[in-house]
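The values are calculated or read from the model by the stated rules, or taken from the named source; none is laboratory data. A quick note: this is a predicted structure, and the numbers were derived from the prediction, not measured. Ideal geometry is used to build each Cβ from the backbone, glycine not excepted, and the neighbour counts take in all protein chains shown.
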């Protein structure tokens, strides 16, 4: 299992190993991991556009990232799957804190204010540090603002109906 942390600095915990910073093989491979963890499946072109690089560069960076996450594992057995030009993280092998945050907000939204307290508190704990706090790319700033707004909206008192 790969436990991916996007709140705070990007980290991956797997098999007793913690990867962070330059452990991913550079900023672009780290950004690819964050994009796939945050946004789900993305085409090679979408990834290239978001990172402002050529598709061939994305392919090369994906190879670096795969090797850093699972040294010696073949592409078809990697946690990063690719099919028809679309890449994603294998959902059966990955846990992402941002996805847990989203699930907690969904649970809270369907409850009364009293019953929403626990999932909202858990979401606040997850988001105690900014999403992708060490990343200054425009897409990371947009994601940070999006998640900050989600938490603010979820925590705002709901009108009585």
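In table form, for the structure just shown:
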{"quantity": "Qualifying residue in the stretch 143-150 (condition: touching a helix residue (DSSP H, G or I) at 6+ places or on another chain (Cβ under 9 Å), outside any helix (DSSP H, G or I), surrounded by 17 or more Cβ atoms within 10 Å (Cβ to Cβ) and outside the structural domain of residue 10 (by TED's automatic domain parsing))", "calculated": "no"}
{"quantity": "Tabulated pairs, the stretch 128-150, first in contact (Cβ under 8 Å) with a residue 24 or more places away in the chain, second in a loop (DSSP other than H, G, I, E, B) and surrounded by fewer than 17 Cβ atoms within 10 Å (Cβ to Cβ), C-beta under 7 angstrom, 6+ apart or interchain", "calculated": "133/9; 134/9"}
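Residues are listed down the side, and each one gets a yes or a no for (1) surrounded by 15 or more Cβ atoms within 10 Å (Cβ to Cβ); (2) at pLDDT 95 or above; (3) in contact with a helix residue (DSSP H, G or I) (Cβ under 9 Å, 6 or more places away or on another chain); (4) assigned by TED's automatic domain parsing to the domain that holds residue 119:
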{"site": "19", "(1), (2), (3), (4)": "yes, yes, yes, no"}
{"site": "31", "(1), (2), (3), (4)": "yes, yes, yes, no"}
{"site": "35", "(1), (2), (3), (4)": "yes, yes, yes, no"}
{"site": "42", "(1), (2), (3), (4)": "yes, yes, yes, no"}
{"site": "48", "(1), (2), (3), (4)": "yes, yes, yes, no"}
{"site": "62", "(1), (2), (3), (4)": "yes, yes, yes, no"}
{"site": "84", "(1), (2), (3), (4)": "no, no, no, no"}
{"site": "100", "(1), (2), (3), (4)": "no, yes, yes, yes"}
{"site": "107", "(1), (2), (3), (4)": "yes, no, yes, yes"}
